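For reference, the structure is listed below as structure tokens.
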Amino acid sequence: MEPEQQIRKNRRKKKKFRFRGFLFMLLIAVLAIGAYVFLQFQSGHKLAEENSDLPTIAFDGDPETGDYENILVLGVDSRGEEASRTDTMMLVSHNKKTDEVKVTSFMRDIYAAIPGYQSYKLNTAYFLGAREGGMEGGVDLLANTLRSMFGIKIHHFALIDFESFEKLVDIAAPNGIEIDVQKKMSKNIGVTLTPGVQKLNGKELLGYARFRADQEGDFGRVRRQQEVMTALKEELMSVSAVPKYPKLAGAAKGYVQTDLTVSNQIQMATSIAMNGGAGVERLTLPIENGYTFASYSHAGSVIEMDIEKNKQALSEFLSQPLD
């Protein structure tokens, strides 16, 4: 063989060896990441199993789309009771193409036409459904109420009680979540918060989100709930938080009731984090000048909405087709 041909052959062998070496290293990396994810998930799930034993809830969600997904997020103060009212009702909309996140909050005192029942406050829908059909019935009835009022698609749900919220925050952010507390807060929230920028643990963050003993009332509480969601999103979307996802997802399996699989949760969170994720946009319904106050003997003080005005605002905010 000519020297030049031998040189070419040796070069091809080296390239082939390098390529094989690269594939081998890539395989090792994938296996290592997989093992890490599995171990972290198991660690989180074990932690959850020690503190919670949640039943599986089926959900009749709308068909998936390729552009976006809407998740109904509910917060309840169950205190061991299956039938309770929802203190927090949010629609978290995730744009699959841009990884943009939008949060719509629904005031709990909205006077709502609940399918199969007379009109009540919106937060009563879950209670009525849960009383008849357990937690599954509560989620379905509330989702159907929102669908019938606004024509929105709801693909998935996540329900968390307040005790579990505290635990998950402490797992996700062991050093706390930074919040600018505007005023002293203590009444009916289980903690005392003083004014100033500070890092709040799970119990303190929940107290901050639930406070309403001021002139803003429920409107202020909804605004703080949205602020907490934004702060949590920023914490979880930081690069330093990515290694926590498997453990957090494992713990969430025992703390959060949802129809989303663990792989769905990790995939969504990782996608948003790796693609930067735009800032969280927020909307509260009813909108300003889109409601009046009223009172009924069976429901008490309520918020009566201008449905068409609020539906239009929601459609423009989400940039989604509404029925």
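Side notes on the structure shown:
- Count of residues meeting criterion [in a strand (DSSP E or B) and under 21 Å from Ala209 (Cβ atoms)] in segment 61-93: 14
Conditions tested, residue by residue: (1) under 30 Å from Asp62 (Cβ atoms); (2) modelled with pLDDT of 90 or more; (3) under 15 Å from the mean Cα position of the chain (by Cα); (4) surrounded by fewer than 16 Cβ atoms within 10 Å (Cβ to Cβ).
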residue	(1), (2), (3), (4)
Ile189	no, no, no, no
Lys199	no, yes, no, yes
Ala209	yes, no, yes, no
Gln225	yes, no, yes, no
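- The one condition in (1) surrounded by 21 or more Cβ atoms within 10 Å (Cβ to Cβ); (2) part of a helix (DSSP H, G or I); (3) out of contact with any Phe, Trp or Tyr (no Cβ under 7 Å at 6 or more places or on another chain) that Val139 fails to fulfil: (3)
- The residues of segment 282-323 that are of a type in the set (Asp, Glu), within 23 Å of Asp62 (Cβ to Cβ) and at pLDDT 85 or above, listed by number, are Glu308, Glu316.
- Just so you know, in segment 115-136 the residues that are free of Cβ contacts under 8 Å to residues at least 40 places away in the same chain and crowded, with 23+ Cβ neighbours inside 10 Å include one that is nearest to Leu318 (Cα to Cα), and it is Leu122.
The values are calculated or read from the model by the stated rules, or taken from the named source; none is laboratory data. Bear in mind the structure is a predicted one, so any value in this text is a computation, not a measurement. Every residue, glycine as well, gets a Cβ built from its backbone with ideal geometry; the counts of neighbours run over all protein chains shown.
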